[in-house]
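The values are calculated or read from the model by the stated rules, or taken from the named source; none is laboratory data. Predicted, not measured: the structure shown is a model, and the values here were computed from it. Note that we place each Cβ from the backbone using ideal geometry, even for glycine, and neighbour counts take in every protein chain shown. Each accessible area value is taken on the protein alone, full model and side chains, heavy atoms only, with ligands, DNA and RNA left out. Shrake-Rupley method; radii C 1.70, N 1.55, O 1.52, S 1.80 Å.
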Amino acid sequence: MTAATVPSPCISVCQLDSESRRCLGCARTIEQIEAWIMLDDRERMAVWAQLARHFDVDLETALASRMGAGRARELVRSHESG
């Protein structure tokens, strides 16, 4: 799996909430946003897992919002088995 297979959570609504220090669009912290390009797939999946918990949804549902249900299911399964 290459880094390009794990999509960025960015939805192009880039505005930082001054209290939570999270992006109002994707809910990542500024540290997560800055580090994203350097993260490997495992680390990117960990960010997605944190976002899923933040939104109180499962990882597959969180990923499906960016890549569709079928591709999200495949990515989660490949990550679990690999």
Would you mind stating whether E74 is exposed (fewer than 13 other Cβ atoms within 10 Å of the Cβ), part of a helix (DSSP H, G or I) and out of contact with any Asp or Glu (no Cβ under 9 Å at 6 or more places or on another chain)? no
Can you tell me which residue within region 42-69, out of those that are under 18 Å from T29 (Cα atoms) and acidic (D, E), is surrounded by the most Cβ atoms within 10 Å (Cβ to Cβ)? E43
For region 16-31, state whether one or more residues are surrounded by fewer than 15 Cβ atoms within 10 Å (Cβ to Cβ) and in a helix (DSSP H, G or I). yes
Of the residues that sit in region 1-15 and are touching a residue at least 40 places away in the same chain (Cβ under 8 Å) and not in a loop (DSSP other than H, G, I, E, B), which one is surrounded by the fewest Cβ atoms within 10 Å (Cβ to Cβ)? A3
Pair list, Cβ under 7 Å, 6 or more apart: region 41-58 residue charged (D, E, K, R), other residue open to solvent by less than 20 Å² (accessible area, probe 1.4 Å): D41/V6; R44/V6; D58/A52
Taking only pairs six or more apart or across chains, which ones have beta-carbon atoms under 9 Å, a first residue in region 59-82 that is without any contact (Cβ under 8 Å) to a residue 12 or more places away in the chain and among the hydroxyl-bearing types (S, T, Y), and a second residue that is assigned to a helix (DSSP H, G or I) and open to solvent by less than 90 Å² (accessible area, probe 1.4 Å)? T61/A52; T61/A69; T61/A72; S65/A72
